[in-house]
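Below is one structure, written out as structure tokens; comments come after it.
The values are calculated or read from the model by the stated rules, or taken from the named source; none is laboratory data. For clarity, every value in this text was computed on a predicted model and none was experimentally measured. Cβ: placed from backbone, ideal geometry, glycine included. Neighbour counts: every protein chain shown.
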């Protein structure tokens, strides 16, 4: 008899576990609420980080800008090869530093879930040409972010100009 009682207990426990596993992880509204909350937090952090990015970029501090990228982060420059990794990113930023660029970034939309976020936005940049004249550009940007234990880091950054391609 003890074996039968134990089998019934195990059977009841198994039915309970199966029922618990079959439950939905949450309604669509609950899941959307979680995503909306994660997106709002990510957007706030990304916008704060964008302020640091612009401050360091406009000060010509390439190493501080590169530190905002993940260790193997990537900038996919228009009309040129990608810079992969913080050292490569910093080197490319130092190369344009002599033109004294001034960058402005604007976030238009963020979508986040867990430790991943995608940001879509706009940029404007002005700089001094080697001949002393002012040049300006503006366009679109798309960035993929990853949240570490401490902060959001840029993983991929790509942008393109709204200006027509020169002949």
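Just a few scattered comments:
- Residues of the stretch 120-135 satisfying the condition of being modelled with pLDDT of 95 or more and exposed (fewer than 15 other Cβ atoms within 10 Å of the Cβ): 120, 124
- Residue among 105, 142 that alone is within 30 Å of residue 33 (Cβ to Cβ), in contact (Cβ under 8 Å) with a residue 40 or more places away in the chain and part of a strand (DSSP E or B): 105
- Filter pass, residue 163 being over 14 Å from the mean Cα position of the chain (by Cα) and surrounded by fewer than 15 Cβ atoms within 10 Å (Cβ to Cβ): yes
- Single condition residue 104 does not satisfy, out of (1) modelled with pLDDT under 95; (2) surrounded by fewer than 18 Cβ atoms within 10 Å (Cβ to Cβ): (1)
- Screening residue 147 against (1) loosely packed, with under 13 Cβ neighbours inside 10 Å; (2) more than 19 Å from residue 105 (Cα to Cα) leaves a single unmet condition, (1).
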